[in-house]
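The values are calculated or read from the model by the stated rules, or taken from the named source; none is laboratory data. Given the structure is predicted, the values throughout are model-derived calculations rather than measurements. We place every Cβ from the backbone using ideal geometry, glycine too, and count neighbours over all the protein chains shown.
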Amino acid sequence: MELVDSSLPKQKGLQVHLVLDNYATHKTPRVKRWFAKRPYYHLHFTPTSASWLNMVERFFAEIATKRIRHGTFRSVRQLEKAINGYLDNHNRKAKPFVWTADADIILNKVAKLCERISDSGH
């Protein structure tokens, strides 16, 4: 958050909206104090367990796409070996997932989608 905060333009009326999961880290006294000093941040929490569950589902989809879908497995043991091999390789090069997006970009995409589907005939 320090990196995000330091990169923000210092302008009057700035409002920053963050979407966070319900992990307890965001609710510690230290974090609460940090946000209390920066009232221009508005926190929006996803439903409990939703964010991490989506990431788990996405990771399973990646395993299916990159390793299972195009493979041929004559036994459950071969399938398990392929999955474990993929995980071993993935974990050797593991790095944290970092995602930031400009709100204007997201809102423009939503506006374009709404425009496209508003006259869909349904």
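Annotations for the structure displayed:
- Only a single criterion out of (1) touching a residue at least 60 places away in the same chain (Cβ under 8 Å); (2) farther than 30 Å from residue 16 by Cβ; (3) among the polar types (S, T, N, Q) is not satisfied by residue 65, namely (1).
- Residues in the stretch 66-109 that are under 27 Å from the mean Cα position of the chain (by Cα) and surrounded by 10 or more Cβ atoms within 10 Å (Cβ to Cβ): 16 in all.
- Subset tally (residues that are in a loop (DSSP other than H, G, I, E, B) and of a type in the set (A, V, I, L, M, F, W, C)) for the stretch 59-74: 1
- Within this structure, residue 35 fails the test of being outside any strand (DSSP E or B), at pLDDT 90 or above, in the same structural domain as residue 96 (by TED's automatic domain parsing) and surrounded by 10 or more Cβ atoms within 10 Å (Cβ to Cβ).
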